[in-house]
Amino acid sequence: MDSDAKKMLRRLITAVAGISIVVVLGAAVLGTGSDAGTVLSIFSTRFLGIFIEAVPFLLLGTLVSGLIDSFISADDIARWVPRNPILATFVGTFMGFTFPVCECGVVPVVRRLFTKGLPMSVGVTFLLAAPVINPIVLVGTYVAFGVGPVLIGRFVLTAVVAMIVGLVFAFAGRPQEVLQAGSLMPVMGGDGTRAYDPHEVIPLYAKTKRKPLLIGLRDALKMAGDEFFEMGRYLIIGTLLAATMQTLVSQEVLLALGRGPVVSVITMQLLAFVLSVCSTVDAFLALAFAGTFTTGSILAFLVFGPMVDIKSTLMFLGVFKRRIVIYLIALPFLLTLLFGIWLNLNVTF
Amino acid sequence: MPPAITGAIYHAPPDTRQLFNERLQGQPMQATHSHHHDPDHAKHDLHNHTRDRVMLWLKAALLLGMGAYFVYIIVTGNLTNYINVRFTWLSYVAAAIFLLLGVCSVFVAMRATDDDFHHDHDGHDHSHSGLSWGVLAIVSVPLILGTLIPSRPLGATAISGNLSTSAALGSLSTFTVNPLDRNVLDWLRYFGTLEDYADANDERADVIGFVYREPSFPENQFMLARFTLSCCVADASALGLPVYWENAPDLEQDQWVRVQGSFRVGEFRGDTLPILHAQDIALIEQPEHPYLYP
């Protein structure tokens, strides 16, 4: 595809996205029977609520991402991460304790690690596990549910699902087939938009010299600014969608959908996907459903939501190839569904 | 000029077009160069450098604007319309980081030379600093909504039927709040601990909330409603105490009121619930913290 056609396509998609947002908002206004000003005010409050809550995590994530880029070399990672794909997958699952990021923050970190040559299985496992398996979420889930099936189940299931998906990627994908060119190491055929620059970036296959502290910090800040715009737009589009859904779809309708052992799990997974609530706080939201929904579905919500939701899907599209994004959604969805249904049918909580 | 500064713009994130990038991985550097042979190249570049410069400044302005917006909502207290006060510190962090990144971007924009943009073409197609008008427009959406639409907490209109008359105890194991200090949430939690709602008869209450009424409600009844939220308005849910008050029709929807009275078990919307029989209702201003935090 030549560059003009791409430009046209991009404009077309932007226009379609813009028009559909306006149409959906219009439908929201007509649907509620309230005046446009009130609906817009509610929409704005909901949008800003999610944005204001999520953006500090995004910023912290981009800062961590920038710092990793400045101070962590490919050599360091090569030292930390075992070459054995199974061991590497295990390490990826628990790396969240060294990089505490939620699902908005994890994507830039993972992309940065990929450009540094991190093995595929570690990156994918980290991507799926880190939003849950980190100290902040551990504390949050404990406060909401105490020590019990939900807390333990959430962490065990997340680790298991993340490891399974990580292993699939370890054995079934070359980075070139999985990642967007911009997320690849230059030696693997990255298109250079990210890491390759003859004047500044030392090729990663060479011995990397650590940057001096101040220059490293300055570069990290510049990187974080760029990352904010890149990831911020996905966050904002996702938040616009989530706020629109919240203004349109009544919770009662969603609640009526989920009582059965199967339907409730699917419902909670879709709800997790649509609501896009940050993993650090979704436990408190799940608490509201704990009385009416099956425990398996609550767990599915807490395991699947941090892995995949509207905003992280939009972010995945910036890192992975589209075909791979489908796997990244489908595999965790099906595994979580399976575990959720199995728990509902076989375990009495 | 220090080389690292020059490097700023090369660190461009890939553009949106990468979402649609069908380029073969084996030849990453070739497809991007075609425009170098464009006869209009020089003119093209000149145009784009002005564009890039404007974008860099807009980027800096947006980051500083975000920082200023966060400072604004913190100072005015509007922040409590959006998130749980427990997470206020996160917004302080956000304000600080935005301002830091904004100042940094100002330096980048000031020091950017034409040379940077020229160089940019070598490896970058037209992605430049990864910015496009579309991205800038999207990122400005929060600022536009935040500044143009008056900040208001969720109210009666946002309930649209989703109002609960029960509440889980949550992380509390015992219930110890003094009856006259209980808010709507405390009362509902307290009712949840009772084996028989009749035990709540004649308990005195002094609570605030906003008026919520549906057309199906009896004329002399309304709900004294509050929103509870754990994190932010995304997980807000409405709670309400049914109130009986002879002059209820005089109260406007969404009006904040302070209700003093006592409970008596009765029928409300077909459910048997403790109903607050009001002895006195005072109109009040919206409280500083419009939401309750479970």
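The values are calculated or read from the model by the stated rules, or taken from the named source; none is laboratory data. What you see is a predicted model; the values in this text were computed from it and never measured. Don't worry about glycine lacking a Cβ; one is built from the backbone with ideal geometry, like all the others, and counts go over all protein chains shown.
Tell me yes or no: at least one residue of segment B:233-240 is in contact with a strand residue (DSSP E or B) (Cβ under 7 Å, 6 or more places away or on another chain), free of Cβ contacts under 8 Å to residues at least 60 places away in the same chain and of a type in the set (Ser, Thr, Tyr).
No, because not a single residue in segment B:233-240 is in contact with a strand residue (DSSP E or B) (Cβ under 7 Å, 6 or more places away or on another chain), free of Cβ contacts under 8 Å to residues at least 60 places away in the same chain and of a type in the set (Ser, Thr, Tyr).
Just the residues that are facing chain B (nearest Cβ under 8 Å), buried (at least 17 other Cβ atoms within 10 Å of the Cβ), more than 17 Å from A:PHE43 (Cβ to Cβ) and at pLDDT below 75, please, taken from segment A:231-258.
If the condition is that a residue be facing chain B (nearest Cβ under 8 Å), buried (at least 17 other Cβ atoms within 10 Å of the Cβ), more than 17 Å from A:PHE43 (Cβ to Cβ) and at pLDDT below 75, then no residue fits.
Going by the structure shown, is B:ILE144 at the interface with chain A (Cβ under 7 Å from one of its Cβ atoms), closer than 30 Å to A:THR38 by Cβ, at pLDDT 85 or above and assigned to a helix (DSSP H, G or I)?
Answer is no for this residue.
I need the full set of residues from segment B:71-84 which are over 10 Å from B:LEU99 (Cα atoms) and in a helix (DSSP H, G or I), in order please.
B:TYR72, B:ILE73, B:ILE74, B:VAL75, B:THR76, B:ASN78, B:LEU79, B:THR80, B:ASN81
Which residue out of A:VAL107, A:VAL161, A:VAL101, A:VAL139 is hydrophobic (A, V, I, L, M, F, W, C), buried (at least 21 other Cβ atoms within 10 Å of the Cβ) and modelled with pLDDT under 75?
The unique qualifying residue is A:VAL101.
Considering each residue of segment B:150-171, count those that are within 12 Å of B:ARG226 (Cα to Cα) and at pLDDT 85 or above, and give that number.
4
Tell me which residues, restricted to segment B:207-249, are within 14 Å of chain A (Cβ to nearest Cβ) and among the β-branched types (Val, Ile, Thr).
Those that are within 14 Å of chain A (Cβ to nearest Cβ) and among the β-branched types (Val, Ile, Thr): B:THR228, B:VAL233.
Please give the number of the condition A:VAL122 fails out of (1) touching a Phe, Trp or Tyr at 6+ places or on another chain (Cβ under 6 Å); (2) closer than 18 Å to A:VAL308 by Cα.
(1)
I'd like to verify a number: residues in segment B:130-141 that are facing chain A (nearest Cβ under 7 Å) and not in a helix (DSSP H, G or I), how many?
2
Can A:ILE77 be described as assigned to a helix (DSSP H, G or I), at pLDDT below 75 and surrounded by fewer than 22 Cβ atoms within 10 Å (Cβ to Cβ)?
yes
Is it the case, given these coordinates, that B:PHE227 is closer than 16 Å to B:SER166 by Cα and either in contact with a strand residue (DSSP E or B) (Cβ under 6 Å, 6 or more places away or on another chain) or modelled with pLDDT of 85 or more (or both)?
Yes; evaluated as a whole, the condition is true for this residue.
So the check is Cβ under 6 Å with 6+ separation or different chains; which pairs have a first residue in segment B:63-88 that's within 28 Å of B:PRO294 (Cβ to Cβ) and more than 10 Å from chain A (Cβ to nearest Cβ) and a second one that's of a type outside the set (A, V, I, L, M, F, W, C) and surrounded by fewer than 20 Cβ atoms within 10 Å (Cβ to Cβ)?
As it stands, the answer is B:THR80/B:HIS289, since those pairs meet every condition given.
What about A:LEU314, is it surrounded by fewer than 19 Cβ atoms within 10 Å (Cβ to Cβ) and modelled with pLDDT of 80 or more?
No: the conditions fail for A:LEU314.
Against the definition (farther than 21 Å from A:ILE236 by Cβ, at pLDDT 85 or above and within 7 Å of another protein chain (Cβ to nearest Cβ)), how does B:VAL108 come out, yes or no?
Yes.
A:VAL325 is checked against (1) at pLDDT 85 or above; (2) out of contact with any Phe, Trp or Tyr (no Cβ under 6 Å at 6 or more places or on another chain) and fails just one. What number does that condition carry?
Condition (2) is where A:VAL325 drops out.
Condition check ((1) under 30 Å from A:PHE43 (Cα atoms); (2) surrounded by fewer than 16 Cβ atoms within 10 Å (Cβ to Cβ)) across all residues:
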residue: B:GLU195; (1), (2): no, yes
residue: B:VAL211; (1), (2): yes, no
residue: B:PHE227; (1), (2): yes, no
residue: B:GLU246; (1), (2): no, yes
residue: B:GLU252; (1), (2): yes, yes
residue: B:GLU285; (1), (2): yes, yes
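Cβ contacts < 6 Å: first residue more than 9 Å from chain B (Cβ to nearest Cβ), restricted to segment A:165-184; second residue polar (S, T, N, Q), any location; separation 6+ or different chain. Result?
As it stands, the answer is A:GLY166/A:THR89; A:GLY166/A:SER121; A:GLY166/A:THR125; A:LEU167/A:THR89; A:PHE169/A:SER121; A:ALA170/A:SER121, since those pairs meet every condition given.
Only one of these is small (Gly, Ala, Ser), under 20 Å from the mean Cα position of the chain (by Cα) and at pLDDT 85 or above: A:GLY49, A:GLY61. Name it.
None of the others qualify; the one that does is A:GLY49.
Kindly establish whether B:ASN84 is closer than 18 Å to B:ALA109 by Cα and modelled with pLDDT of 55 or more.
So B:ASN84 does not fit the description; no.
Please give the number of the condition B:SER262 fails out of (1) of a type in the set (Gly, Ala, Ser); (2) assigned to a strand (DSSP E or B); (3) within 14 Å of chain A (Cβ to nearest Cβ).
Condition not satisfied by B:SER262: (3).
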